[in-house]
Amino acid sequence: MFSKLQKIKESILEFFIRGSGILIILFVVLIFLFLLKDSLFFFKSYPLKDFFTQKKWLPISEPPSFGIIPLLLGSIYVTFFAIIICVPLGMGCAMFIAEVAPSFLRNILKSFVEILAAIPSVVLGFIGIVWLGPLVKKIFSIPTGMCGFTGSLLLAFMALPTIISISEDALRSVPYTYKEAAFGLGATKWQTLWRVILPAASSGIIAAIMLGIGRVIGETMVVMMVTGNSPIIPSSILEPLRTLTATIASEMGETVRGGLHYFALFSVGLILFIITFIINFLADLFLHRSKK
C-alpha cells in the first residue's frame, strides 16, 4: 500500500516537473512568434535592407528612418566595455572566495555578492545620474557625463554577481584530487590555481561570462537613465548613445498602436530576443561541458 502511494506521488511530481518544462518552452516559442508576427507587418512596409543598413533612427521624421545600426552599436559599445571591466574583477573575486579566503570570510563575501545582485537597477541609475555621471564628466573633461562609459561602469557592477557566483561554483567543483596531484608534484598554491584549477573550470567560467553578457545586454533602466539616450552612431564610448532596450522602453509609450513606428519597435525587440537567446544557448552549452 505504501509503495503504491509513493509511486502515485512520484508520478504526480514527475507530471508537474515535465509540465513546467513544457510550459517554459511553450512560453519562449509564443514570445518569439508574437515578436515575429508584428515584425513581419513592419517589414511589409519598410525594406529589410534599409532596417539593417541605414545609419539613422528617426521614427518621427518625414519620411521616417528606422536604421538599427546606431542602436545595435550602442548596445555593443556598452556591453563590450562593461565586460572588459567586470570580467577581471569578477574572476579575481571568484578565485579569492573559492581558493584563498578563509571559511568565515568566504561566507561573508558570498553574502555581500548576493546583496549586490538584489540592488534594483533604478537605484543604480539614480546613483549614476547624481554621482557617477558628474564624476566621469569631471575626470574626462567632456560636455556631459551621461554617456556610454557611465553606462558601462554601472552595467559592469550589475554583471559582477552573476560572474562571481557561477565562476566560484565552477572553481569549487574541480575535484580535490587535481589539487593533491599538483601539490604532490611540488606546485605552489598559486601555480595550482593558475595552471590546474583555472583550466579545469574554464567551461564554467566561460559560461559565467556569457551569462554576464546576457545580463548586460538585456538591461534597460540603467542605460536609459545614464547613457544620454541619443540614437546616433557613437564615435567613442565617452559620447551619448542609445541601446536596443532603451529604445523600446523610451518610445513604446509614445507610438500609435498599429503604426509603422509601433511595429518597428517590435522588430528591435525581435533582434534583441535573438541575440539574448544565442548568448544564453552558448552559456548553457558551456555549463554542460563544465558538468561533464
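The values are calculated or read from the model by the stated rules, or taken from the named source; none is laboratory data. Small disclaimer: the values here were computed from a predicted structure and weren't measured. Please note: Cβ atoms are built from the backbone with ideal geometry, for glycine as well, and neighbour counts cover all protein chains shown.
Quick look at the values:
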read-out: Qualifying residue in region 64-73 (condition: surrounded by fewer than 19 Cβ atoms within 10 Å (Cβ to Cβ) and either over 30 Å from Asn229 (Cα atoms) or in contact with a His (Cβ under 9 Å, 6 or more places away or on another chain) (or both)); value: yes
read-out: Residue within region 268-276 that is assigned to a loop (DSSP other than H, G, I, E, B), modelled with pLDDT of 85 or more, touching a helix residue (DSSP H, G or I) at 6+ places or on another chain (Cβ under 7 Å) and among the aliphatic types (A, V, I, L, M) present; value: no
read-out: Some residue of region 20-34 being assigned to a helix (DSSP H, G or I), within 15 Å of Phe273 (Cα to Cα), more than 24 Å from the chain's Cα centre (by Cα) and touching a residue at least 60 places away in the same chain (Cβ under 8 Å); value: no
read-out: Single match in Ile232, Ile248 (criterion: in the same structural domain as Lys137 (by TED's automatic domain parsing) and without any contact (Cβ under 8 Å) to a residue 40 or more places away in the chain); value: Ile248
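Residue-by-condition table, conditions (1) assigned to a loop (DSSP other than H, G, I, E, B); (2) out of contact with any Asp or Glu (no Cβ under 8 Å at 6 or more places or on another chain); (3) modelled with pLDDT under 90; (4) not assigned by TED's automatic domain parsing to the domain that holds Ala207:
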residue	(1), (2), (3), (4)
Ser61	yes, yes, yes, no
Ala98	no, no, yes, no
Phe104	no, yes, yes, no
Leu109	no, yes, yes, no
Ile115	no, yes, yes, no
Ile119	yes, yes, yes, no
Leu132	no, yes, no, no
Ile139	no, yes, no, no
